[in-house]
Amino acid sequence: MNTFATQEVNLEQKMEELKQQLMEGKPKFEDFQMTHNTLRMIQKEFQRLLQWAAEDHREKEKEKEFQKLYHQVAGWNASDMMESLKRTGFSLRSTDIKGAFDRQGYRILELVRAGKRDEVFHAILRIFISGKKEFPEKLVEAFKPVYSEELFKVFLFSFLSGILGNEEKEVNDKRNQ
(Lines give C-alpha, C1' and ligand atoms only; values in the text may rest on other atoms or scores of the structure.)
Protein backbone atom coordinates (compact mmCIF):
# COMPACT_ATOMS: atom_id res chain seq x y z
CA MET A 1 0.00 0.00 0.00
CA ASN A 2 1.45 3.41 -0.90
CA THR A 3 1.98 6.11 1.74
CA PHE A 4 -0.91 8.27 0.53
CA ALA A 5 -3.36 5.39 0.89
CA THR A 6 -1.89 4.60 4.31
CA GLN A 7 -2.32 8.21 5.43
CA GLU A 8 -5.89 8.20 4.14
CA VAL A 9 -6.70 5.06 6.12
CA ASN A 10 -5.01 6.51 9.21
CA LEU A 11 -6.94 9.75 8.83
CA GLU A 12 -10.25 7.95 8.42
CA GLN A 13 -9.39 5.86 11.46
CA LYS A 14 -8.48 8.98 13.45
CA MET A 15 -11.71 10.69 12.45
CA GLU A 16 -13.68 7.69 13.66
CA GLU A 17 -11.79 7.80 16.98
CA LEU A 18 -12.64 11.50 17.38
CA LYS A 19 -16.28 10.84 16.50
CA GLN A 20 -16.35 8.02 19.07
CA GLN A 21 -14.91 10.34 21.75
CA LEU A 22 -17.68 12.84 21.01
CA MET A 23 -20.41 10.22 21.12
CA GLU A 24 -19.10 9.05 24.51
CA GLY A 25 -19.02 12.66 25.71
CA LYS A 26 -15.28 12.47 26.42
CA PRO A 27 -13.46 14.43 23.70
CA LYS A 28 -9.72 14.75 24.30
CA PHE A 29 -8.34 18.10 23.22
CA GLU A 30 -4.86 16.64 22.67
CA ASP A 31 -6.24 14.18 20.10
CA PHE A 32 -8.07 16.94 18.24
CA GLN A 33 -4.95 19.15 18.32
CA MET A 34 -2.76 16.30 17.05
CA THR A 35 -5.20 15.57 14.22
CA HIS A 36 -5.27 19.24 13.29
CA ASN A 37 -1.46 19.36 13.17
CA THR A 38 -1.36 16.23 11.03
CA LEU A 39 -3.92 17.67 8.60
CA ARG A 40 -1.93 20.91 8.32
CA MET A 41 1.28 19.00 7.60
CA ILE A 42 -0.45 16.92 4.93
CA GLN A 43 -2.01 20.02 3.40
CA LYS A 44 1.35 21.82 3.23
CA GLU A 45 3.05 18.79 1.71
CA PHE A 46 0.19 18.47 -0.78
CA GLN A 47 0.65 22.12 -1.76
CA ARG A 48 4.40 21.55 -2.32
CA LEU A 49 3.72 18.48 -4.46
CA LEU A 50 1.02 20.31 -6.39
CA GLN A 51 3.41 23.19 -7.04
CA TRP A 52 5.93 20.71 -8.39
CA ALA A 53 3.26 19.19 -10.65
CA ALA A 54 2.16 22.64 -11.84
CA GLU A 55 5.75 23.53 -12.72
CA ASP A 56 6.45 20.21 -14.45
CA HIS A 57 6.30 21.09 -18.14
CA ARG A 58 6.40 17.54 -19.46
CA GLU A 59 2.62 17.27 -19.72
CA LYS A 60 1.55 20.47 -21.45
CA GLU A 61 -2.11 19.45 -21.73
CA LYS A 62 -2.41 19.02 -17.92
CA GLU A 63 -0.26 22.03 -16.94
CA LYS A 64 -3.13 24.55 -16.76
CA GLU A 65 -5.28 22.17 -14.71
CA PHE A 66 -2.48 21.68 -12.19
CA GLN A 67 -1.84 25.42 -12.02
CA LYS A 68 -5.53 26.13 -11.42
CA LEU A 69 -5.69 23.58 -8.60
CA TYR A 70 -2.43 24.90 -7.13
CA HIS A 71 -3.82 28.46 -7.06
CA GLN A 72 -6.93 27.18 -5.27
CA VAL A 73 -4.94 25.28 -2.63
CA ALA A 74 -2.54 28.20 -2.13
CA GLY A 75 -5.56 30.44 -1.52
CA TRP A 76 -6.82 28.13 1.22
CA ASN A 77 -3.55 28.54 3.03
CA ALA A 78 -3.55 32.35 2.79
CA SER A 79 -5.13 32.97 6.20
CA ASP A 80 -2.62 30.75 7.98
CA MET A 81 0.15 32.37 6.00
CA MET A 82 -0.89 35.86 7.13
CA GLU A 83 -0.83 34.86 10.78
CA SER A 84 2.46 33.02 10.38
CA LEU A 85 4.11 36.03 8.71
CA LYS A 86 2.90 38.33 11.48
CA ARG A 87 4.38 35.96 14.09
CA THR A 88 7.62 35.83 12.10
CA GLY A 89 7.81 39.62 12.08
CA PHE A 90 6.97 39.77 15.77
CA SER A 91 9.74 37.27 16.58
CA LEU A 92 12.27 39.47 14.78
CA ARG A 93 11.54 42.47 17.02
CA SER A 94 14.11 41.30 19.54
CA THR A 95 16.89 40.94 16.96
CA ASP A 96 19.45 43.44 15.76
CA ILE A 97 17.71 43.79 12.37
CA LYS A 98 14.72 45.51 14.00
CA GLY A 99 16.55 48.85 13.73
CA ALA A 100 17.10 48.38 10.00
CA PHE A 101 13.40 47.68 9.53
CA ASP A 102 12.56 50.76 11.61
CA ARG A 103 14.77 52.89 9.34
CA GLN A 104 13.55 51.34 6.07
CA GLY A 105 9.98 50.55 7.10
CA TYR A 106 8.16 53.42 5.38
CA ARG A 107 10.11 52.91 2.17
CA ILE A 108 9.33 49.18 2.17
CA LEU A 109 5.66 49.84 2.97
CA GLU A 110 5.45 52.19 0.00
CA LEU A 111 7.11 49.64 -2.30
CA VAL A 112 4.62 46.99 -1.13
CA ARG A 113 1.72 49.37 -1.70
CA ALA A 114 2.99 49.98 -5.24
CA GLY A 115 3.21 46.20 -5.82
CA LYS A 116 6.93 46.22 -6.61
CA ARG A 117 7.71 42.64 -5.52
CA ASP A 118 11.27 42.52 -6.79
CA GLU A 119 12.22 45.81 -5.11
CA VAL A 120 10.54 44.77 -1.84
CA PHE A 121 12.36 41.43 -1.95
CA HIS A 122 15.67 43.18 -2.60
CA ALA A 123 15.17 45.68 0.24
CA ILE A 124 14.21 43.01 2.78
CA LEU A 125 16.89 40.58 1.61
CA ARG A 126 19.51 43.32 1.97
CA ILE A 127 18.43 43.85 5.60
CA PHE A 128 18.73 40.14 6.38
CA ILE A 129 22.09 39.79 4.65
CA SER A 130 23.59 42.86 6.32
CA GLY A 131 22.31 41.59 9.67
CA LYS A 132 23.76 38.13 8.93
CA LYS A 133 20.33 36.57 9.46
CA GLU A 134 18.71 33.82 7.45
CA PHE A 135 15.86 34.95 5.22
CA PRO A 136 12.71 33.31 6.68
CA GLU A 137 11.26 30.54 4.51
CA LYS A 138 7.75 31.77 5.29
CA LEU A 139 8.66 35.15 3.85
CA VAL A 140 10.02 33.55 0.67
CA GLU A 141 6.61 31.91 0.20
CA ALA A 142 4.90 35.33 0.16
CA PHE A 143 6.91 36.37 -2.92
CA LYS A 144 5.88 33.41 -5.06
CA PRO A 145 4.02 34.51 -8.19
CA VAL A 146 1.15 32.09 -7.51
CA TYR A 147 -0.28 34.67 -5.09
CA SER A 148 -2.19 37.62 -6.50
CA GLU A 149 -0.88 41.14 -6.06
CA GLU A 150 -3.52 41.76 -3.39
CA LEU A 151 -2.50 38.68 -1.39
CA PHE A 152 1.16 39.61 -1.75
CA LYS A 153 0.41 43.01 -0.25
CA VAL A 154 -1.60 41.54 2.61
CA PHE A 155 1.18 39.02 3.34
CA LEU A 156 3.88 41.69 3.44
CA PHE A 157 1.74 44.09 5.45
CA SER A 158 1.16 41.27 7.94
CA PHE A 159 4.89 40.62 8.24
CA LEU A 160 5.73 44.30 8.51
CA SER A 161 3.01 44.93 11.10
CA GLY A 162 4.64 42.23 13.21
CA ILE A 163 8.12 43.72 13.10
CA LEU A 164 7.18 47.41 12.96
CA GLY A 165 4.16 47.33 15.29
CA ASN A 166 3.99 49.44 18.42
CA GLU A 167 4.95 47.26 21.40
CA GLU A 168 3.44 49.61 24.02
CA LYS A 169 0.06 49.58 22.27
CA GLU A 170 0.02 45.75 22.20
CA VAL A 171 0.87 45.56 25.92
CA ASN A 172 -2.00 47.96 26.68
CA ASP A 173 -4.37 46.02 24.40
CA LYS A 174 -3.56 42.77 26.22
CA ARG A 175 -4.19 44.41 29.60
CA ASN A 176 -7.59 45.72 28.44
CA GLN A 177 -8.81 42.31 27.28
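The values are calculated or read from the model by the stated rules, or taken from the named source; none is laboratory data. The model shown is predicted, which means the values in this text are computed figures rather than measured ones. Glycine also receives a Cβ, built like all others from the backbone with ideal geometry; neighbour counts cover every protein chain displayed. The accessibility values were calculated without ligands, DNA or RNA, using every heavy atom of the protein model including side chains. Shrake-Rupley method; radii C 1.70, N 1.55, O 1.52, S 1.80 Å.
Here are some notes:
- Test: ALA78 is closer than 20 Å to PRO145 by Cβ and open to solvent by less than 80 Å² (accessible area, probe 1.4 Å): yes
- Residue in region 55-63 that is under 16 Å from the mean Cα position of the chain (by Cα) and among the basic types (Lys, Arg) present: no
- Evaluating PHE29 against the criteria (1) under 19 Å from the mean Cα position of the chain (by Cα); (2) loosely packed, with under 12 Cβ neighbours inside 10 Å leaves one unmet condition, (1).
- Subset of region 121-137 (residues that are open to solvent by less than 80 Å² (accessible area, probe 1.4 Å) and part of a helix (DSSP H, G or I)): PHE121, ALA123, ILE124, LEU125, ILE127, PHE128
- Residues located in region 111-120, provided they are out of contact with any Leu (no Cβ under 7 Å at 6 or more places or on another chain), surrounded by 12 or more Cβ atoms within 10 Å (Cβ to Cβ) and charged (D, E, K, R): ARG113, LYS116, ARG117
- Checking LEU50, LEU18, LEU22 one by one, the residue that is touching a Phe, Trp or Tyr at 6+ places or on another chain (Cβ under 8 Å), without any contact (Cβ under 8 Å) to a residue 24 or more places away in the chain and over 25 Å from PRO145 (Cβ atoms) is LEU18 and no other.
- Residue match in region 128-138 (condition: closer than 12 Å to LEU160 by Cα and not aromatic (Phe, Trp, Tyr)): no
- Out of ARG93, ARG87, sole residue that is closer than 26 Å to PRO136 by Cα, open to solvent by less than 70 Å² (accessible area, probe 1.4 Å), charged (D, E, K, R) and modelled with pLDDT of 90 or more: ARG93
- Flag for LEU18 being touching a Ser or Thr at 6+ places or on another chain (Cβ under 9 Å) and either open to solvent by 100 Å² or more (accessible area, probe 1.4 Å) or not hydroxyl-bearing (Ser, Thr, Tyr) (or both): yes
- Any hit, region 151-158, residues being assigned to a helix (DSSP H, G or I), open to solvent by 90 Å² or more (accessible area, probe 1.4 Å) and touching a residue at least 24 places away in the same chain (Cβ under 8 Å): no
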